[in-house]
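J.: Take a look at the following structure, please.
Bear in mind these aren't lab numbers, they're just calculated from the coordinates by the rules spelled out. Predicted, not measured: the structure shown is a model, and the values here were computed from it. Glycine gets a Cβ as well: all are built from the backbone with ideal geometry, and neighbour counts include every protein chain shown.
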Amino acid sequence: MKPHYNKILLTGLVLISGYGIFSGCTHKDVVLPAAASTTPIITHGHHVHLPGLTAGDTTQWKFDKVHSAVNWSTPFLEVGADLTGKFNQFGVADLSTAQMQNYTVTGQPVADTSWAFYENEPAKTHFAGYVQINQINTGEPARDGGCLVTTLATTKIVAGTQNLTVQNVARIKTTSVAFDPAGNDYIVTLNFTWQGGLGAPLTESITGKLTYIPEALVPAGTYSDFGLQLSFQINKADFGIVSTETADKIDIVVSANFNNK
Amino acid sequence: MDDSFFKYLEQLELLAFFSGYSLIYTTAIFISGNLRSKTNFISRRIKLLPFAYALVGTLYLGFELKKIYPVYSFENVGHHIHLHWLVAWGLLSVLFWIPALSKRKALSLIHSLVFFFLILKDIVLQPAAGRDDNIVANDMRVFGASLLLNLAAFLGVILGSALFTNRHKHTIV
């Protein structure tokens, strides 16, 4: 290519490039996007769920014990990975002294109606519940029906009997429920009562977190279901339980399902 | 999302590799033409410009092969490449490794000008299409990167050539 043409081309390229830089300049500083908000998005609906026992009444919500669970976990030997287990028998009832006895039944011995849930009015929400200690289930029958019965200061399971005696139940009962300012959950203050290895039941005030899984039609579409998940922690040493196999702190998660069948 | 966004990204890739060569080429020719001695360093290296361009083309070929890795089928190539003709044109730059073709330096300039015209098209058309300064600003940033890439390729080829020539002389002796 002749030098003359090259000069023309070079001039053209420089001019076009210069114009491109000039016209592409927005004269604006690149503004960084705003930082993501750390404020939680809290939305509470207006569901109200009240208990009942009338089958077919869709305004009454029934505790679905079969599809609920009370699970616990604690570090094995105080240092290892979690040792986990559950309780096979539990209920949503505020047991009176008179109700704390043996029942020769296989189903729920006491009506599971000691609860009410107001999604947007937590002050009106309340619940009470219990577990049968000797129904502990770690998946090792020899342990569950053996050393654990002794460790937990209770008695062995009697077939066909629901043991709600004071030595064999641990109970919870809410004293206050409030919105969790950090999220969509609720902060629950409850009384945890258990005799354990002590001479008489001890009641401790414990704080836990309650999560509401909103009401929804089940896939088959014949009824609705909602869930409550409560998590809290107890210190077994406070209740006279001596065991180095587990840590003192025991995490408990209650997963409760309710339906309006 | 249609594939217009992916076409735009592919165009930016092509600009990044090839658009800067034309300015490097004309500048190098201009400098060598202004120097009195035709045996100076730059003048003697001007003939290496097409090889630098071929090196950039080879890098682009590797970039495209990496994109379609590990399935080198026509179907997969079709999925990953949207500007078929433009990509094929870009890949033709590899042919400048052939000495017979690289002797005709102006061909490499013509090849590169196709990509510079894409920038010119955006400069001319984008303002008319709605004053989106960001398109042109993007093009110019990529063009700047392309200038650096092509300059580095040119210097790399010069260095490689010097090493090869030096070694060749020693071998002959």
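J.: Amide H neighbours of A:SER176 under 5 Å, counting only residues 5+ apart in sequence or on other chains, H built in-plane at 1.01 Å?
T.: Correct list: A:THR189.
J.: Follow-up question, since we're still on this one. Would you mind checking the pairs A:LYS62/A:LYS236; A:LYS86/A:LYS236; A:LYS86/A:LYS156; A:LYS65/A:LYS86; B:LYS7/B:LYS121; A:LYS2/B:LYS121 and listing those with alpha carbons more than 22 angstrom apart?
T.: A:LYS62/A:LYS236; A:LYS2/B:LYS121
J.: How tilted is helix A:3-24 with respect to the longest principal axis of chain A? Cα atoms for both, answer in degrees (0 to 90, nearest 10).
T.: 40 degrees
J.: Would you mind giving the mean number of other chain beta-carbons within 10 Å of the Cβ of each residue in B:19-32, as a whole number?
T.: Details: counts 1, 1, 0, 5, 6, 1, 5, 11, 4, 2, 7, 6, 1, 2.
Rounded to a whole number, the mean comes out at 4.
J.: Enter the mean number of other protein chain beta carbons within 10 Å of the beta carbon of each residue in B:135-147, as an integer. Walk me through the numbers before you get to the answer.
T.: Details: counts 1, 8, 7, 1, 3, 9, 2, 0, 5, 2, 0, 0, 1.
Counting other chains' Cβ atoms within 10 Å and averaging over B:135-147 gives 3.
J.: Give me the inter-chain shielding for B:110-123: mean count of other chain Cβ atoms within 10 Å, whole number please. Don't jump to the answer; show the numbers that get you there.
T.: On the way: counts 1, 0, 0, 2, 0, 0, 4, 1, 0, 5, 6, 0, 3, 7.
For this peptide, the per-residue mean of nearby foreign Cβ atoms is 2.
J.: Using +1 on the beta carbon of Lys and Arg, -1 on that of Asp and Glu, and nothing else charged, what's the dipole of chain B about the Cα centre, debye to 20? Walk me through the numbers before you get to the answer.
T.: Values: 16 positive and 10 negative charges, 279 e Å.
Dipole magnitude for chain B comes out near 1340 debye.
J.: Once you treat every alpha carbon in chain B as an equal point and sum by Debye, what is log10 I(q)/I(0) at q = 0.16 Å⁻¹?
T.: Debye intensities relative to I(0), on a log10 scale: -0.99.
J.: Roughly how big is the protein assembly as shown's charge dipole about its Cα centre, with Cβ charges of +1 (Lys, Arg) and -1 (Asp, Glu), in debye to the nearest 20? Let's see the in-between values first.
T.: Working: 31 positive and 30 negative charges, 726 e Å.
Dipole size: approximately 3480 debye.
J.: What list do you get for A:THR84, A:THR203 if you sort them by fewest beta carbons within 10 Å?
T.: Values: A:THR84 14, A:THR203 11.
Ordered by Cβ neighbours within 10 Å, fewest first: A:THR203, A:THR84.
J.: Another question, then. Measuring from centroid to centroid over Cα atoms, what is the spacing of region A:215-261 and region A:111-187 in Å?
T.: 8 Å
J.: Okay, next question. Provide Rg over Rh for the protein assembly as shown; use the alpha carbon set for both Rg and the Kirkwood Rh (inverse mean inverse pair distance). Kindly include the intermediate steps, with their values, before the conclusion.
T.: Values: Rg = 39.6 Å, Rh = 29.4 Å.
Over the Cα atoms of the protein assembly as shown, Rg/Rh equals 1.34.
J.: Any chance you could give the angle, 0 to 90 degrees and rounded to 10, that helix B:49-68 forms with the longest Cα principal axis of chain B?
T.: Relative to chain B, helix B:49-68 is tipped by roughly 40 degrees.
J.: So for chain A, averaging the separation of alpha carbon pairs under 8 Å that are six or more residues apart and normalising by length, what relative contact order in percent results? Numbers along the way, then the final one.
T.: Numbers: 530 pairs, mean separation 53.5, N = 261.
Computed over chain A, the figure is 20 percent.
J.: Count the net charge of all other residues whose Cβ sits under 14 Å from the Cβ of A:ASP64, scoring Lys and Arg as +1 and Asp and Glu as -1. Could you put the intermediate results ahead of the total?
T.: On the way: positive: A:LYS62, A:LYS65, A:LYS261; negative: A:ASP112, A:GLU215, A:ASP225.
The answer is 0.
J.: Calculate how steeply helix B:133-172 sits against the longest principal axis of the alpha-carbon atoms of chain B, using the helix alpha-carbon long axis, and give the answer as 0 to 90 degrees to the nearest 10.
T.: That helix lies at roughly 30 degrees to the long axis.
J.: Net charge around A:VAL48, counting only other residues with Cβ within less than 12 Å of its Cβ (Lys, Arg = +1; Asp, Glu = -1)?
T.: On the way: positive: A:LYS124; negative: A:GLU119, A:GLU121, A:GLU215.
So the environment of A:VAL48 carries a net charge of -2.
J.: Local charge sum around A:VAL242 (other residues, Cβ-Cβ under 11 Å, Lys/Arg +1, Asp/Glu -1)?
T.: That sum, taken over residues with Cβ under 11 Å, equals -1.
J.: Is it possible to state the helix-based mean residue ellipticity at 222 nm for chain B, with each DSSP H run of 4+ residues giving -39500 (n - 2.57), the sum divided by total residues, to the nearest 500 deg cm²/dmol? What is it?
T.: Theoretical 222 nm ellipticity from helices: -26500 deg cm²/dmol.
J.: Along the charge dipole of the protein assembly as shown, pointing to its positive end and built from +1/-1 on Cβ of Lys, Arg, Asp and Glu, which listed residue (A:SER243, A:THR193, A:LEU95) has its Cα farthest out?
T.: Of the listed residues, the answer is A:SER243.
J.: Just want the answer: with Cβ charges of +1 for Lys and Arg and -1 for Asp and Glu, which residue in B:SER112, A:GLN233, A:ALA128 is farthest toward the dipole's positive end in the protein assembly as shown?
T.: Projecting each Cα onto the dipole axis, the largest value belongs to B:SER112.
J.: How large is ³J(HN,Hα), in whole Hz, for each residue of region A:229-243 in order, when computed from phi with the Karplus curve 6.51 cos²θ - 1.76 cosθ + 1.60 and θ = phi - 60°, using x for Gly and Pro?
T.: Per residue, the Karplus-derived 3J(HN,Hα) values read 10, 10, 10, 7, 9, 10, 10, 5, 5, 4, 9, x, 8, 10, 7 Hz.
J.: In angstroms, what radius of gyration and Dmax does region A:48-259 have, counting Cα atoms only?
T.: Just the Cα atoms of region A:48-259 yield Rg and Dmax of 17.3, 51 Å.
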